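K.L.:
Got a structure for you, questions after.
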Amino acid sequence: MSLLEVNNLSVVYEPRGAEPTYAVKNASFSLERGEFVGLVGESGSGKSTLGFAVTRLAKAPARISEGTILFDGRDIASMKEEELRKQRQGGFAMVLQSGMNALNPVRSIRKHFGDIFAAHGHVPKSKRLARAYDLVEKVELPRTVLDRFPGELSGGMRQRVSIALALSLEPQLMVFDEPTTALDVLVQHAVMGTIRELQKSENFTALLISHDLGIVLESTSRVMVMSEGVIVEDGTSQQILQSPQHAYTQMLLSHYADPRAEVVEVPGLVVRGSTISTTGHSSVAEAVDAASPAHSATATGAPTAPARRRAGRPEATAIVVDDVTKVYPPPRRGQDPVTAVDHVSFTLEQGQSMALVGASGSGKSTLAKLVTGVERPTSGAIHFGDARVDKLRRKGLRELRREVQMVFQDPYSALNPLHTVEYALMRPVLNYTGLRGVAARTRVLELLDTVGLTPVEQFAAKLPHQLSGGQRQRVVIARALACDPQVIIADEPVSMLDVSLRAGVLALLDDLRVTFGVSMLYITHDLLSARLVTDQIMVLNQGRVVESGQTAQVLRFPEDPYTMELLEAIPQPQRAGTGR
Amino acid sequence: MWYLLRKLGLLLLTAWAAITLNFLLPRLMPGTPADAAIAKLAQNGPVDPATRAAIEAQLGVPTGDVWSQYIQYLGNVFRLDFGVSYTFFPQSVSSLIMNALPWTLVMVGLVTVVAFICGTLLGVLAAWKRGTWLDTLPTLGGTFTSAFPYFWTALLLVFFLGYQLKWFPTSGAYGRESTPNMSLAFVSDAIGHAWLPAITILITSLGGWILGMRNNMINTLGDDYVTFAEANGLRSHTVAIKYAARNAILPNLTGFGLALGGVVGGSLLVEQVFNYPGVGYLLYNAVTNQDFPLMQALFLMITISVLLANFFVDILYGLLDPRTRR
Amino acid sequence: MTVPANLPEPTGSTPPYLTPAGADGSTVVPPARGPASPLRVISRGASTIWSNKKARIGVVVLAVFVLMAVFAPLIAPYGATENGFGRNQAPSGAHWFGTTAAGEDVFSQVVFGARISVLVGFIAGFLSTLIAVVVGLSWGYIRGPLADVINFVVNLVLVIPGLPLMIVIAAYLQNGGMTMIIFVVVLTGWAYGARVLRSQTQSIRGRDFITAAQFSGDGAARIVFREILPNMTSLITGSFFGAATSAILAESGLSFLGIGDTTTVSWGSMLFWASNSNALLTGQWVLLFAPGLCIALLATSLTLINFGVDGLSNPRLREGSGR
């Protein structure tokens, strides 16, 4: 008998005053004891809803409308509250996506464990402390963590505590709902490692829900793929990897590649830079030289900007960052000041595409703020043409932004929900280009056409919530291009998008950069995308440049241990079933 | 510790600002309140120069040196010397306040705390049982009663429970024949007189606490730690009390501090209806008799009391929220 | 992704059982299809409020009082200060609610009294909200020592008990009438709204579209009024109704104490005269009951509307989104 047997399960969302929608449609599957199964799908596929349904955590307006969930032979879909509560010990547990917020901020970790032991009484009082110690050690945390409050722990530690708490129920089934999504790359990698080890040592059945096929294939022996509320494919990880049957699975899989490979290819993106120039590679000591002409050989090969509306404006200006340091005041009394950027120098030549990579807290976003004049450096200088960016006041900043534009990480936050697309694009056109009336509107429509949002008239009239994430990001890119800037700072432009949409947006960025001769500073933690759209790369660790040079060279033959660690943390579908 | 010091510093700064506001208020007003006050005082007999200077320091004269008046005023405040009341001549303002303050502090203070606790509990229940009659009844009832003007509730209670049903005495804090002492008879007499004003304040302020706590609790019930607690199979009362309500009470405490001024203001009106010999009744008398020295001193005392109450709420908040201890 | 943002699984960290329009933080506008216009945004908001049962009752009650205030001369059988009917009469066919100690018709006074309360509520509510918006927005947008100073002033106004301050100010400004009452109500009533609006401003200004507007070359004023302000419509509406409620209650309290112009017929001053003429002893319970009930109903209606407005800015508080 299977541990979990789901038959014909449907979940419906019934919000007041809106049409009911089916998030899960007639799902049927079973989980065998000790199996590690993945559930993959993009946002809106219903995978989390399914996870909440099988652990009976779905709340209004979601409702299980039909089907049975047999856990250990008993139907839990219709089980009464109190009986269900008792089932949770020794039954099924769940680790939530936002482990950050899954702990009660006013309760110490010790009390969190105490509450669970008290609720189920499955551990005798005398052994509870020892059991709690045992559990936190299993998730590789020090014993002292028990006396801490959630607010005193980092995101990764909190997610580990969540796992330990779920484990304290001694569950037969653990459901992990995007357990590492909110975490930093390196932490993500480490936490996934812990989950894999625990699954082996504790031998529970695990269901891993994730949008990232790479992470899932790496860990699981079987994968279910979900799309629009339906499980479209269910097979062993090897099958999924080698002969995916469903078109959707094939599409997902095609977007994975190893940035270390000689040739990296993703649908929709041109093959790039497999050749390596002999002078290409430089190490920390040479970071400043990275900007020297020899290193920007690839960049000079780019076609020059077509004659456009830049008449009377400085041509071909580089951004020169010279020995810049940014120190923030201590976050709390009694702590040390935070050095976010530590003596960084580089030059972004006209038409060049440079990646700035590192984990969160590496200082890459701070560097973007410094370059755009949003923040001022503590020491050092930033030049753009004749202007000293770090000394600019209001009017100067406005001038700078005519040339240096930004593409934001979160397309849901980068557009004002109350303004139409036309309004958003019209602002920079009116403010910078001097176009008015019909000419300005023509320019707006032209921009929409450039980023592929056609029919342009229709898109111009839309509000952000009527657009998908990918379409929003295209609007954001169009807005950045509106004033014909020379430089675009792209801060993780695709990290919030579904995998299938990333390539399209990246291709667009790369395309426009080449056609318009714009240089780009591409900030990311995702080395694959860096490999796809940049020629030069700088690896930042704790505010310092640890390695820089040509992207292909650095990623294929990394020299710094930190770069290697970053590369190692990338989920690789190819590792499926290798039992890592 | 740092939190405590910061709050203490803030208390002192706010108290200073309130004292200064109290000094500036009569000076910003049209006319010369000091002259009016001295003229009224003169009806009781000659005004000696020291009294005159004190009144001028408190209420201001257009010709005087504001700075030296301010210094003198500050000194008077610290010695709790607010001059002489001419409504209740020759009693000093501070002795009048000292007689009135205990009545208000005990009655209003106690009722407010009781109302806050009851309202918070009902709010927790309403949010936990959302959509049932346990939610609808207190929510709608609370919405309605919190819209009652304090004095109107008081009038209705006096009319129905006092005059019509004669269940409670309708006026004063104790019977006419008793004199204040600590005997059991007097205390029970005083409690008998306190019932009506207390019920009034309870009825009118309860709704606000219920609604506030209900909203906070609904918010925390949607938080991830509540879902996770349910996923871990904690007993439902543990989830309700130690997870949802425990977090919802924090913003409710802040709300308590902010709403305190309103409750105190409302109870002043209640005292007036019941002729309850507290601060509110005294203030009403001072206002109707244009007794500015008494009025100013009372306003200051009321403000400082609310500031102190807020300070204690802050301390309580600090004890309840580990995040302030960092 | 061709899925609209309001489908069950938003990309953010919001759990799927919360499926508000605001899953992506855009808490204001519920998803609309079709062409966008400010009118449509407002009508969407209005229909969200209307869909809340409590708010619907509130709107109806408020409408009744507003109509009563506007058409008072048509509704009331007599003038408000018209006296010379018998004194202290019990309710009868000629005088539905009886007469006062001065021989005025109580029902007519109640009808005319609506004018003062509605007027004070709306004017004082509007002015307080105006100050709250100006202070709240600039306070939320600026940084540095000035923000700390504003913080201190706002907190001071918040903790100073409002009614005693009003009483003291009113005592100095002898017989200032309605203008004086509105003035002191506004003076003490703006701070709460300012605080709420400030924290919302801060959270909006941290969002990328504000930085984007700066990159688009927009100035500070335009950003505040075109990018931030429209995103706070529901909070501003909420603080308007909140301020109006407390203004109505404060006005009635001051009038009841006999501060201000006692010859103006308002619900508060009716109770002032009733209690001074010992209506308690003469047993005229309608004279006591009616004006206070009107104050309570009017204030309740505003609070009820705010239930619906709360649902606009906080999807968790919407009806039917229960556990």
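Any read-out appearing in this document is the output of simple, stated calculations on the displayed coordinates, not a laboratory observation. Not measured: the values here are computed from a predicted model. Virtual Cβ from ideal backbone geometry, glycine too; neighbours counted across all protein chains shown.
K.L.:
Treating only the Cβ of Lys, Arg, Asp and Glu as charged (+1, +1, -1, -1), what charge dipole size does the stretch B:1-79 show about its Cα centre? Round to the nearest 20 debye.
P.N.:
Dipole about the Cα centre, nearest 20: 360 debye.
K.L.:
Over the stretch B:98-247, what portion of Cα pair distances is larger than 27 Å, expressed as a whole percent?
P.N.:
40
K.L.:
Turning to a different aspect of this structure: In whole Å, largest first, what are the principal axis extents of the Cα atoms in chain A?
P.N.:
Projected onto its principal axes, the Cα set of chain A covers 78, 53, 46 Å.
K.L.:
Could you check how many percent of all C-alpha pairs in chain B are farther apart than 26 Å?
P.N.:
Counting every Cα pair in chain B, those more than 26 Å apart make up 58 percent.
K.L.:
Hand me the trypsin sites (Lys or Arg not before Pro) from the stretch A:36-119 located in a DSSP loop with no more than 10 other Cβ atoms within 10 Å, in residue order please.
P.N.:
For trypsin sites (Lys or Arg not before Pro) across the stretch A:36-119 that sit outside H, G, I, E and B with at most 10 neighbouring Cβ atoms in 10 Å, the list reads A:Lys80.
K.L.:
Label B:Thr136 and C:Ser51 with points 7 Å out from Cα along Cα→Cβ: what is the distance between them in nm?
P.N.:
So the label points at B:Thr136 and C:Ser51 sit 2.1 nm apart.
K.L.:
Check which residues have an amide H placed less than 5 Å from A:Phe176's amide H, if you skip close sequence neighbours.
P.N.:
A:Val95, A:Leu207, A:Leu208, A:Ile209
K.L.:
Using Stokes-Einstein with the Kirkwood hydrodynamic radius over Cα pairs, what translational diffusion coefficient do you get for the stretch B:92-175 at 4 °C and a viscosity of 1.567 mPa s, in µm²/s rounded to a whole number?
P.N.:
Rounded to a whole number, D works out at 82 µm²/s.
K.L.:
Grab the alpha carbons of the stretch B:1-79, take their convex hull, and tell me the volume per residue in Å³.
P.N.:
Per-residue hull volume (Cα only) is 104 Å³.
K.L.:
Would you kindly derive the ³J(HN,Hα) couplings of the stretch C:128-144 from the backbone phi angles with the Karplus curve 6.51 cos²θ - 1.76 cosθ + 1.60 (θ = phi - 60°), listing them in order in whole Hz, with x for Gly and Pro?
P.N.:
These are the phi-based 3J(HN,Hα) values: 4, 5, 4, 4, 4, 5, 4, 5, x, 5, 5, 5, x, 8, 7, 10, x Hz.
K.L.:
Given Cβ point charges of +1 (Lys, Arg) and -1 (Asp, Glu) and nothing else, what value in debye, to the nearest 20, does the dipole of the stretch B:33-177 about its Cα centre take?
P.N.:
The dipole of the stretch B:33-177 has a size of about 560 debye.
K.L.:
On C-alpha positions alone, give me the angle between the axis of helix A:155-167 and the longest principal axis of chain A, in degrees, nearest 10.
P.N.:
10
K.L.:
Please compute the alpha carbon radius of gyration of the stretch A:410-450, then divide it by the globular-protein estimate 2.2 N^0.38 Å. Two decimals is fine.
P.N.:
That ratio works out to 1.19.
K.L.:
Once you have the alpha carbon radius of gyration of the stretch A:1-123, what is it after dividing by 2.2 N^0.38 Å, with N set to its residue count?
P.N.:
1.16
K.L.:
Over chain B, what is the relative contact order in percent, taking alpha-carbon pairs closer than 8 angstrom and at least six residues apart?
P.N.:
Computed over chain B, the figure is 25 percent.
K.L.:
Can I ask one more? If you put +1 on each Lys and Arg Cβ and -1 on each Asp and Glu Cβ, how big is the dipole of chain A around its Cα centre, in Debye rounded to 20?
P.N.:
Computed about the Cα centre, the dipole is about 1900 debye.
K.L.:
How large is Rg/Rh for the stretch A:417-494, to two decimals, with Cα atoms and a Kirkwood Rh?
P.N.:
Across the stretch A:417-494, the Cα-based Rg/Rh ratio is 0.94.
K.L.:
Separate question: Of the options A:Ser154, A:Thr68, A:Asn104, report the single residue whose Cα projects farthest towards the positive end of the charge dipole of the stretch A:68-194 (beta-carbon charges: Lys, Arg +1; Asp, Glu -1).
P.N.:
Value: A:Asn104.
K.L.:
May I have the extent of the alpha carbons of the stretch B:246-295 along their three principal axes, as whole Å values ordered from largest to smallest?
P.N.:
Principal-axis extents of the Cα atoms in the stretch B:246-295, largest first: 48, 23, 11 Å.
K.L.:
After finding the eigenvalues of the alpha carbon gyration tensor for the stretch A:200-264, what semi-axes result from the square roots of 5 times each, listed largest first in whole Å?
P.N.:
After scaling each eigenvalue by five and taking roots: 21, 17, 10 Å.
K.L.:
Of all DSSP beta bridges located in the protein assembly as shown, what percent are antiparallel, nearest 5?
P.N.:
55
K.L.:
Which three extents, in whole angstrom, do the alpha-carbon atoms of the protein assembly as shown cover along their principal axes, largest first?
P.N.:
107, 77, 61
K.L.:
Looking at B:Ala42, B:Ile55, B:Ala15, which one has the Cα that reaches farthest to the positive end of the dipole of the stretch B:1-79 (charges on Cβ: Lys, Arg +1; Asp, Glu -1)?
P.N.:
Value computed over the given set: B:Ala15.
K.L.:
Tell me the trypsin sites (Lys or Arg not before Pro) within the stretch A:366-453 that lie in a loop according to DSSP and have at most 15 other beta-carbon atoms within 10 Å.
P.N.:
A:Arg393, A:Arg436
K.L.:
While we're on this one: Give a residue-ordered list of calculated ³J(HN,Hα) values for the stretch B:124-136 (Karplus: 6.51 cos²θ - 1.76 cosθ + 1.60, θ = phi - 60°; whole Hz; x for Gly, Pro).
P.N.:
4, 4, 4, 5, 5, 9, 3, x, 8, 5, 5, 8, 4
K.L.:
OK, next. Classify the stretch A:492-580 as rounded, prolate or oblate from the Cα gyration tensor: take a ≥ b ≥ c as the square roots of its eigenvalues, call it rounded if a/c is under 1.5, otherwise prolate when a/b beats b/c and oblate if not.
P.N.:
The shape class here is oblate.
K.L.:
Further question: Can you tell me the orientation of helix B:292-320 relative to chain B, as the angle in degrees between its alpha-carbon axis and the longest Cα principal axis, to the nearest 10?
P.N.:
30
K.L.:
Quick check: the angle from helix A:394-403's long axis to the longest principal axis of chain A, C-alpha only, nearest 10 degrees?
P.N.:
For helix A:394-403, the angle is close to 90 degrees.
K.L.:
Now a separate question. Charges on Cβ only, +1 for Lys and Arg, -1 for Asp and Glu, centred on the Cα centroid of the protein assembly as shown; of A:Gln250, C:Val186, C:Pro230, which one is farthest towards the dipole's positive end?
P.N.:
Result: C:Val186.
K.L.:
In nm, to one decimal, how far is the modelled label at B:Leu316 from the one at C:Thr263, with both set 7 Å along Cα→Cβ?
P.N.:
4.8
K.L.:
Report the equivalent ellipsoid semi-axes for the stretch C:167-323 in whole Å, largest first, defined as the square roots of five times the eigenvalues of the gyration tensor built from alpha carbon atoms.
P.N.:
Equivalent ellipsoid semi-axes, largest first: 42, 21, 9 Å.
K.L.:
Whole Å is fine, so just give me how far the alpha carbon centre of the stretch B:274-298 lies from that of the stretch A:192-249.
P.N.:
Using only Cα atoms to place each centre, the spacing works out to 76 Å.
K.L.:
Across the stretch C:204-221, in residue order, what do the Karplus-derived ³J(HN,Hα) couplings come to in whole Hz, using 6.51 cos²θ - 1.76 cosθ + 1.60 with θ = phi - 60° and x for Gly and Pro?
P.N.:
Result, ordered by residue: 6, 5, x, 7, 4, 5, 6, 4, 4, 5, 5, 5, 7, x, 6, x, 4, 4 Hz.
K.L.:
Run the numbers on the stretch B:1-79 and let me know its relative contact order in percent, using alpha-carbon pairs under 8 Å that are six or more apart.
P.N.:
29
K.L.:
Something else now. Please identify the trypsin sites (Lys or Arg not before Pro) of the stretch B:79-142 that satisfy two criteria: DSSP loop assignment and at most 12 other Cβ atoms within 10 Å. Which are they?
P.N.:
B:Arg79
K.L.:
Here's another thing I want to ask about it. Along the Cα-to-C-beta direction of A:Lys80, a point sits 7 Å from the Cα; which residues of the stretch A:113-136 have their amide N less than 19 Å from that point?
P.N.:
A:120
K.L.:
Next question, about the same structure. Can you compute the equivalent ellipsoid semi-axes for the stretch A:451-507, i.e. the square root of 5 times each eigenvalue of the Cα gyration tensor, sorted largest first and rounded to whole Å?
P.N.:
Over the Cα atoms of the stretch A:451-507, the ellipsoid semi-axes are 18, 16, 9 Å.
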